[in-house]
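This report refers to the structure that appears directly beneath it.
The values are calculated or read from the model by the stated rules, or taken from the named source; none is laboratory data. Quantities reported herein were computed from a predicted structural model and do not represent experimental measurements. Cβ placement follows ideal geometry from the backbone for every residue including glycine, while neighbour counts extend to all protein chains displayed. Each accessible area value is taken on the protein alone, full model and side chains, heavy atoms only, with ligands, DNA and RNA left out. Shrake-Rupley method; radii C 1.70, N 1.55, O 1.52, S 1.80 Å.
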Amino acid sequence: MTGDLASLLINDLKLPVDQLADHASLSHAGFDSLAVVELSLLLADRYQIDISESDITSAATLGDLDRLITTKRSER
(Lines give C-alpha, C1' and ligand atoms only; values in the text may rest on other atoms or scores of the structure.)
Protein backbone atom coordinates (compact mmCIF):
# COMPACT_ATOMS: atom_id res chain seq x y z
CA MET A 1 0.00 0.00 0.00
CA THR A 2 1.39 3.41 -0.91
CA GLY A 3 2.14 6.02 1.69
CA ASP A 4 -0.55 8.33 0.30
CA LEU A 5 -3.33 5.83 0.88
CA ALA A 6 -1.98 4.81 4.27
CA SER A 7 -1.83 8.47 5.30
CA LEU A 8 -5.44 9.07 4.24
CA LEU A 9 -6.66 5.98 6.07
CA ILE A 10 -4.74 6.71 9.27
CA ASN A 11 -4.78 10.50 9.51
CA ASP A 12 -8.05 11.42 7.86
CA LEU A 13 -10.31 8.41 8.32
CA LYS A 14 -8.77 7.40 11.67
CA LEU A 15 -8.69 3.71 10.79
CA PRO A 16 -6.65 1.45 13.10
CA VAL A 17 -3.04 1.16 11.94
CA ASP A 18 -2.75 -2.47 12.99
CA GLN A 19 -5.56 -3.44 10.60
CA LEU A 20 -4.05 -1.85 7.50
CA ALA A 21 -2.34 -4.41 5.28
CA ASP A 22 -2.46 -4.96 1.52
CA HIS A 23 -4.31 -8.24 1.95
CA ALA A 24 -6.90 -6.86 4.41
CA SER A 25 -10.50 -6.53 3.29
CA LEU A 26 -12.08 -3.12 3.66
CA SER A 27 -14.35 -4.33 6.43
CA HIS A 28 -11.40 -5.87 8.30
CA ALA A 29 -9.55 -2.55 7.98
CA GLY A 30 -12.45 -0.74 9.67
CA PHE A 31 -14.32 0.71 6.70
CA ASP A 32 -17.98 1.45 7.16
CA SER A 33 -20.34 3.28 4.79
CA LEU A 34 -19.30 6.68 6.14
CA ALA A 35 -15.59 5.92 5.63
CA VAL A 36 -16.30 4.92 2.02
CA VAL A 37 -18.07 8.22 1.32
CA GLU A 38 -15.35 10.20 3.10
CA LEU A 39 -12.59 8.48 1.13
CA SER A 40 -14.36 9.19 -2.15
CA LEU A 41 -14.62 12.88 -1.23
CA LEU A 42 -11.00 13.06 -0.02
CA LEU A 43 -9.72 11.55 -3.27
CA ALA A 44 -11.73 14.04 -5.32
CA ASP A 45 -10.54 16.96 -3.22
CA ARG A 46 -6.85 16.09 -2.85
CA TYR A 47 -6.09 14.31 -6.10
CA GLN A 48 -8.90 15.46 -8.41
CA ILE A 49 -9.85 11.88 -9.19
CA ASP A 50 -13.37 10.51 -9.31
CA ILE A 51 -13.71 7.17 -7.59
CA SER A 52 -17.27 6.31 -6.68
CA GLU A 53 -18.37 4.64 -3.49
CA SER A 54 -19.25 1.53 -5.49
CA ASP A 55 -15.75 1.47 -7.01
CA ILE A 56 -14.28 1.62 -3.51
CA THR A 57 -16.52 -1.07 -2.07
CA SER A 58 -15.88 -3.38 -5.02
CA ALA A 59 -12.17 -3.50 -4.13
CA ALA A 60 -11.59 -6.88 -2.47
CA THR A 61 -8.55 -5.71 -0.46
CA LEU A 62 -6.70 -2.55 0.49
CA GLY A 63 -4.06 -3.54 -2.05
CA ASP A 64 -6.73 -3.63 -4.76
CA LEU A 65 -8.01 -0.24 -3.63
CA ASP A 66 -4.48 1.15 -3.72
CA ARG A 67 -3.99 -0.10 -7.29
CA LEU A 68 -7.33 1.43 -8.33
CA ILE A 69 -6.32 4.81 -6.89
CA THR A 70 -2.87 4.63 -8.50
CA THR A 71 -4.43 3.82 -11.88
CA LYS A 72 -6.92 6.68 -11.63
CA ARG A 73 -4.18 9.12 -10.63
CA SER A 74 -2.02 8.11 -13.60
CA GLU A 75 -4.96 8.59 -15.99
CA ARG A 76 -5.42 12.27 -15.14
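Assorted remarks:
- The amide H of residue 24, built 1.01 Å from its N in the peptide plane, has 62, 63 as neighbours under 5 Å, considering only residues 5 or more places off or on other chains.
- In order through region 70-75: 3J(HN,Hα) via Karplus (6.51 cos²θ - 1.76 cosθ + 1.60), integer Hz, x for Gly, Pro: 4, 4, 4, 5, 6, 7
- Model label sites at residue 19 and residue 74, defined 7 Å from Cα along the beta-carbon direction, differ in position by 3.0 nm.
- The solvent-accessible area of residue 33, taken with every protein chain present and a 1.4 Å probe, is close to 90 Å².
- Note on residue 58 and residue 2: the extension gain reaches 18.3 nm, defined as 0.36 nm multiplied by sequence separation minus the Cα-Cα distance.
- Only alpha carbons enter this Debye calculation for region 1-48, each as an equal point scatterer, and the log10 of I(q)/I(0) it gives at q = 0.20, 0.27, 0.32 Å⁻¹ is -0.62, -1.11, -1.37.
- About the centre of its Cα atoms, the chain shows a dipole size close to 160 debye [charges on the beta carbon of Lys, Arg (+1) and Asp, Glu (-1) only; nearest 20 debye].
- The value given for region 29-76 is a Kirkwood hydrodynamic radius of 10.7 Å, derived from the mean inverse Cα-Cα separation.
- Phi angles across region 2-19 convert, under the Karplus curve 6.51 cos²θ - 1.76 cosθ + 1.60 with θ = phi - 60°, into 3J(HN,Hα) values of 6, x, 4, 5, 4, 4, 4, 5, 7, 7, 9, 8, 6, 7, x, 4, 5, 9 Hz, Gly and Pro given as x.
- Each label point was placed 7 Å from the Cα along the Cα-to-Cβ direction; for residue 11 and residue 27 their separation is 3.1 nm.
- At R0 = 30 Å, FRET efficiency that the Cβ-Cβ distance of residue 67 and residue 34 yields, to 0.05: 0.80
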